[in-house]
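What follows is a single structure, written as structure tokens, with notes after it.
The values are calculated or read from the model by the stated rules, or taken from the named source; none is laboratory data. These numbers were taken from a predicted model, which means no experiment stands behind them. In this analysis, Cβ positions are derived from the backbone assuming ideal geometry, glycine residues included, and neighbour counts consider all displayed protein chains. SASA here: full protein model, heavy atoms, side chains in, ligands and nucleic acids out. Shrake-Rupley method; radii C 1.70, N 1.55, O 1.52, S 1.80 Å.
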Amino acid sequence: MTTIGLAGSGEIAAFVVRQLARKYTVRVLDVGDGSLRCEGTEKVDSASSLTKDVDIVALCTDSEAARDALLRSPDLFKSGSAASTILVDMSQGDPDETRLFAKDLSERGITIVDAPLHTENTEAIEEASAIFFGGPAPVLESVRDVLTAVCPKVIHCGEVGTGHAMRLVVASIAACNRLITYECAAMGARNGLAMADMATVLNKSSGYNSASARVLPALAANVRTADVTLGTWASDLRKASALGMRYGAPMLLATMARSTLDAASNRLGESSSIDRLAEIWEVDSGLPAPGAG
Amino acid sequence: MRIGYIGLGAMGGALARHLIGKFPLSVFDLNQKAVDSFVELGATAAATPAELGRNSDVVLLCLPRSSDVQAVLFGPNGLAEGLSTGKIVVDQTSGVPAETRDFARQLEEMGVPLFDAPVSGAMATAIAGTISIIASGPHTAFQTVLPVLQAISPNVFHCGERVGNGQTMKTVNNMMNVSCRLATLEVVAMGRKFGLPLQAMTEAINATTARNYTSQGMLPAIAEGRQSTKFWLALQVKDIHQAISLAAEQKVPMPIGGAARSILQIGLNTLGKDAQLEQMIGVIESMADTKFVGTSTNAETGDAK
């Protein structure tokens, strides 16, 4: 049976471990708060023991420092007894840094590919989530089954680094979709429109977006739509803004979204769900909170 | 039911065309060529809005602005002069909700109900008869006119008894559409500068929570070299100014919408009053110094700025 070694931290990593453990033998190096514990997985305490005799090594951290430390660790693949020297980076890294790591690690015979997961709701992973793969096509085919065990939709974006770049593109537009939906819905509500009417009409008109399709009915029914956090989104948008600055792309709206998410994360706490952005718009627009009558 | 239609511009003309042969139709427009084209198809030309009102049971208006509606309704030889109790006026203009409510109050005194029924969608959907019609106002009048609206498109919504809600809904829709459109284009421009192909981004965006009306319509059209919108940029700017005004009146912050308005204004100032919305694609490209289709990206030449 295929054995996967995964080093990581955070909620997305915990989800990835749970998904993989349904199908594979999984060895886990927890570089975070211990939340990666999962029934049926084996815990290890070093990078060298993580990679020993495993078929695939994966990385999925919510901390850039932890990711960088692992990628720079001389213990990674140290034993030389891993069945494969392919490292699948499922963290959200900077695309250019990923390219530099790929160059450095290739000198040690290690092939790094990037395969970050974009999702807003892990409970509905099959609906509008995807893994963006950056790396050679033959490597993708060799790890495709493992990736589809996490998320059925895998999109090949190009060479190494393009997976991370694509996820920043997607995360930025997804964040804009949601923030635009909140501010426009607040304007409509303050001008007398019913949330249920907006959910019906806007989603059948040119205002449609993925967030309006999920958020407006959820606001009308006072239910949640997501389990990712404000901190994660703010971090993604900071990376996207940095990439825009580096490459000379203005991104006025996405930069505004970055600021809004940072402010919301500071106000509500970075571990708050992105659904709580609705509270910001309700307060800032003078709307009654859901259920307040 | 005798129908009158005032305003045979690009949108009004496309909507009114669906009524030919289904109802006795009178038309009025300042553009004689537009009127003649309807007469050739069997419609009757009215000399003035007042005459059109006298010869119609239901009158629909589709004009550029609420100020035009005011002039057509209450100006010399205006529609109001030809109206009488029991007739109904439907305003399909992308107008200002408060002004439309004021028009409705004035006509109500004459026993004439007015409700708003603006449309939302691309010109192609108006021509195809699938455009969204967003109505609001007195339910009885709406039900009377519903067969007429359904002759234009089966996609008719009624957003409550309050006149103007339809126009507010359309304004919200316009704001969401424009903001998502510009956000999508500017982020995709960043992706192009990194070296991501447009087709790959389109696939990724549409597979995920990043998808929106623009990613599903405009991005594939750009890749295929075809046009996906046909709308005056100046009118789009007008619509967005109206959205920002509605927000400001109710003290609702719209940081992203405000930035989107500014980008559109830059586009209009740069391109001139005859520009089309479609030309904003080139504005976003020039702002990022890249091309959505082609190879002139920083990454492809190995340079980050």
**Message:** List the helices (runs of 4 or more DSSP H) inside the stretch B:1-69, counting only whole elements, that have at least 1 residues being closer than 14 Å to B:Ile152 by Cα.
**Reply:** B:10-17
**Request:** Filter the stretch A:144-167 down to residues that are assigned to a helix (DSSP H, G or I) and facing another protein chain (nearest Cβ under 8 Å) and give me whichever is surrounded by the fewest Cβ atoms within 10 Å (Cβ to Cβ).
**Result:** A:Thr162
**Residues satisfying the stated conditions in the stretch A:115-130, i.e. crowded, with 24+ Cβ neighbours inside 10 Å and more than 10 Å from chain B (Cβ to nearest Cβ)** = A:Ala115, A:Pro116, A:Leu117
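Assess whether B:Pro118 counts as being more than 9 Å from chain A (Cβ to nearest Cβ), at negative phi, crowded, with 21+ Cβ neighbours inside 10 Å and not hydrophobic (A, V, I, L, M, F, W, C).
When the stated conditions are applied, B:Pro118 passes them.
Report, by residue number, each residue of the stretch A:182-205 that is part of a helix (DSSP H, G or I), facing chain B (nearest Cβ under 7 Å) and not acidic (Asp, Glu).
A:Cys184, A:Ala186, A:Met187, A:Gly188, A:Arg190, A:Met198, A:Thr200, A:Val201, A:Leu202
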**Item:** Matching option when the condition is within 30 Å of A:Leu237 (Cα to Cα) and not in a helix (DSSP H, G or I), among A:Leu76, A:Leu105, A:Leu71
**Value:** A:Leu76
**Message:** Name the single residue that is surrounded by the most Cβ atoms within 10 Å (Cβ to Cβ) among those in the stretch B:128-144 being in contact with a His (Cβ under 6 Å, 6 or more places away or on another chain) and farther than 17 Å from A:Leu193 by Cα.
**Reply:** B:Phe142
**Number of positions in the stretch A:206-249 that are among the hydroxyl-bearing types (Ser, Thr, Tyr), within 17 Å of the chain's Cα centre (by Cα) and in a helix (DSSP H, G or I)** = 4
**Asked** Regarding B:Thr144, is this residue polar (S, T, N, Q), more than 18 Å from B:Val69 (Cβ to Cβ) and within 10 Å of chain A (Cβ to nearest Cβ)?
**Response** no
**Complete:** Counting only helices (runs of 4 or more DSSP H) wholly inside the stretch B:187-305, the ones holding at least 2 residues that are among the polar types (S, T, N, Q) and more than 8 Å from chain A (Cβ to nearest Cβ) are B:198-206, B:213-224, B:233-249, B:255-271
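What about B:Thr125, is it at pLDDT 95 or above and either open to solvent by 10 Å² or more (accessible area, probe 1.4 Å) or not hydrophobic (A, V, I, L, M, F, W, C) (or both)?
Against the criterion (at pLDDT 95 or above and either open to solvent by 10 Å² or more (accessible area, probe 1.4 Å) or not hydrophobic (A, V, I, L, M, F, W, C) (or both)), B:Thr125 does not qualify.
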**Message:** Looking for something under 20 Å from A:Asp262 (Cβ atoms) and touching a helix residue (DSSP H, G or I) at 6+ places or on another chain (Cβ under 7 Å) - is there at least one such residue anywhere in the stretch A:142-164?
**Reply:** no
**Fill in**
Residues of the stretch B:70-86 being assigned to a loop (DSSP other than H, G, I, E, B), touching a helix residue (DSSP H, G or I) at 6+ places or on another chain (Cβ under 7 Å) and surrounded by fewer than 23 Cβ atoms within 10 Å (Cβ to Cβ), in sequence order, are B:Asn77, B:Gly78
**Request:** Filter the stretch A:172-203 down to the residues that are over 20 Å from A:Ile274 (Cα atoms) and touching a strand residue (DSSP E or B) at 6+ places or on another chain (Cβ under 8 Å), then identify the one that is surrounded by the fewest Cβ atoms within 10 Å (Cβ to Cβ).
**Result:** A:Thr200
**Item:** Positions within the stretch B:178-216 being polar (S, T, N, Q) and open to solvent by 10 Å² or more (accessible area, probe 1.4 Å), in sequence order
**Value:** B:Gln199, B:Thr202, B:Asn206, B:Gln216
